[in-house]
Amino acid sequence: MPTEVEASLENLRAAHARLKSELAKVIVGQDEVIDQLLLAILARGHCLLVGVPGLAKTLLISSLASALDLDFKRIQFTPDLMPSDITGTELLHIDPETGERSFRFAPGPVFTNVLLADEINRTPPKTQAALLESMVEHQVSAAGERHALPKPFFVLATQNPIEQEGTYPLPEAQLDRFLFMVKVDYPSIDEEREILRRTTGEVNAAIEKVLSGEELLQIQEAVRSVPVADHVLDHALALTRGTRVRGGTQLPFLTQYVNWGAGPRAGQALVIAGKARAALAGRDHVSTDDLRAVAHPVLRHRMVLNFSAAAEGFTADDLIDRLLDEIDPSGGVGAGLPGVAETKA
């Protein structure tokens with residue numbers, strides 16, 4: 001008889017195909033984006049979707065919330081948005097019978113399961129920072145009181161990479177709270193033709209429920225129980241430490257183009273996302289291939305490139321490609337990397 005964990009993972013694999021089928025009713029293509037978004041949710045992480053307007057980022061997130069039967073709220077981030085517009089505020093309440101006055105907390109839109117932070121970089125850092133406690137601790141502090149957020153809870157944010165006038169780049173500390181940064185590219189010509197066909201007709205597809213919030217919580221717990229061998233942990237360390245130019249491996253090409261590399265949270269993200277990918281594939285263990293498959297969305301927003309990289313046209317993805325080439329997945333920490341090979345036990 002299967003254990004509760006095995007039953008949850010089997011439920012995940014059965015639900016995965018149904019989820020993609022439901023999303024395909026309203027989203028054309030974007031298979032890789034959908035897969036990465038699902039991995040982030042299974043790994044209990046937040047996700048930042050970066051792409052030009054009109055690529056259905058908002059529609060994808062709202063449709064996913066519907067398919068998962070989760071409460072969904074959207075905040076349009078603007079320059080005049082205040083922190084209390086996100087978290088909520090204390091309001092004065094007067095009892096109509098006794099006249100007694102007291103303050104009561106009025107929850108903001110962050111009290112939901114799926115929060116869409118639309119165009120998150122259009123609001124100042126003060127307001128962006130209002131999400132930090134919610135993203136890390138799943139709670140809001142107001143007037144000395146802590147208010148727990150519903151479970152599960154995800155922040156799925158969108159960002160336009162082109163239009164920079166009137167925007168406020170996310171601080172590195174906030175970027176680090178996102179498990180993935182997912183790039184949303186233009187559709188192929190066949191996919192764009194299908195988009196035109198679907199969206200200019202009269203048929204509106206309805207998303208059916210696939211998983212409940214309670215089932216999703218059980219699946220998330222089951223994903224975290226997937227075992228990880230020491231050599232896989234070593235590879236996660238090698239990839240993370242390989243991005244650093246201070247206190248890391250100091251690869252020559254990275255030293256030339258990177259100011260700061262990824263911190264320990266990146267290694268955690270690689271492992272938990274690798275567990276989710278292994279669970280979806282029906283494997284009871286994590287491989288180094290799982291880590292390498294999620295390396296780009298995990299690392300690209302955690303590397304601070306310098307002027308030389310910009311001048312020579314290098315992106316974080318270019319450097320991650322080179323990093324994956326340099327680090328041997330069959331080795332351990334520092335395999336093939338100068339200065340750290342001796343740290344391998």
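Rule-based calculations on the coordinates, nothing more; no lab input. It should be emphasised that the depicted structure is a prediction, and the values quoted were computed from it without experimental measurement. Because the Cβ atoms are built from the backbone with ideal geometry, glycine has one as well, and the counts that use them run over all protein chains shown.
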³J(HN,Hα), Karplus 6.51/-1.76/1.60, whole Hz, each residue of the range 60-77, x for Gly, Pro
4, 5, 5, 5, 5, 4, 5, 5, 8, 6, 10, 5, 10, 9, 10, 10, 8, 6
Return the sequence-ordered ³J(HN,Hα) values of the range 48-54 in whole Hz as given by the Karplus equation 6.51 cos²θ - 1.76 cosθ + 1.60 applied to θ = phi - 60°, using x for Gly and Pro.
10, 9, 10, x, 5, x, x
When the charge dipole of the chain is computed with +1 on Lys and Arg Cβ and -1 on Asp and Glu Cβ about the Cα centre, the Cα farthest towards its positive end, among GLY242, GLY201, ALA40, belongs to GLY242
For a paramagnetic label modelled at 7 Å from the Cα of THR199 toward its Cβ, which residues of the range 58-73 fall within the zone defined by backbone nitrogen distances under 16 Å?
58-63
Taking every pair of alpha-carbon atoms in the range 121-243, what share in percent sits in each 10 Å bin, from 0 to the bin with the longest distance?
8, 22, 30, 30, 9, 1
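Please report the orientation-averaged projected area of the range 128-174, defined via the convex hull of its C-alpha atoms, in nm².
Numbers: hull surface 17.7 nm².
If I average the Cα hull's projected area over directions, I get 4.4 nm².
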Nearest 10 degrees is fine. How inclined is helix 31-42 to the longest principal axis of the chain, computing both from alpha carbons?
70
Between the alpha-carbon centers of the range 63-92 and the range 212-260, tell me the distance in whole angstrom.
30
In whole angstrom, note down how far apart the Cα centers of the range 1-62 and the range 101-128 are.
24
Give the angle, between 0 and 90 degrees and rounded to the nearest 10, that separates the Cα long axis of helix 230-241 from the longest principal axis of the Cα atoms of the chain.
80
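Where does the chain land at 222 nm, in deg cm²/dmol rounded to the nearest 500, when only DSSP H runs of n ≥ 4 count, each adding -39500 (n - 2.57), divided by all residues? Show your work: numbers first, answer last.
On the way: 16 runs with 146 residues, N = 345.
So the calculated ellipticity at 222 nm is -12000 deg cm²/dmol.
How high is the FRET efficiency from ARG101 to GLN76, r the C-beta distance, R0 45 Å, rounded to 0.05?
Working: r = 34 Å, r/R0 = 0.75.
Efficiency at R0 = 45 Å is approximately 0.85.
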In the chain, if the dipole is taken from +1 on Lys/Arg beta carbons and -1 on Asp/Glu beta carbons about the Cα centre, which of TYR257, SER102, THR167 is farthest to the positive end?
TYR257
With 27 Å as the cut-off, how large is the P(r) tail for the range 48-189, expressed as percent of Cα-Cα pairs?
26
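Rounded to the nearest 20 debye, what is the charge dipole size of the chain about its Cα centre when +1 sits on each Lys and Arg Cβ and -1 on each Asp and Glu Cβ? The partial results should precede the final answer.
On the way: 33 positive and 47 negative charges, 72 e Å.
Computed charge dipole of the chain: roughly 340 debye.
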Residue among ARG146, ARG198, ARG277 with the largest mean-square fluctuation in a Gaussian network model of the chain, springs linking Cα atoms under 10 Å:
ARG146
Ratio for the range 226-343, C-alpha Rg to 2.2 N^0.38 Å, reads 1.03
The range 199-284: which GluC sites (Glu not before Pro) are DSSP loop and have at most 13 other beta-carbon atoms within 10 angstrom?
GLU202, GLU208
Please give the helix 189-199 orientation as an angle from the longest Cα principal axis of the chain, in degrees from 0 to 90, rounded to the nearest 10.
10
Whole-Hz Karplus ³J(HN,Hα) for the range 10-18, in order, using 6.51 cos²θ - 1.76 cosθ + 1.60 and θ = phi - 60°, x for Gly and Pro?
5, 4, 4, 5, 6, 6, 4, 5, 5
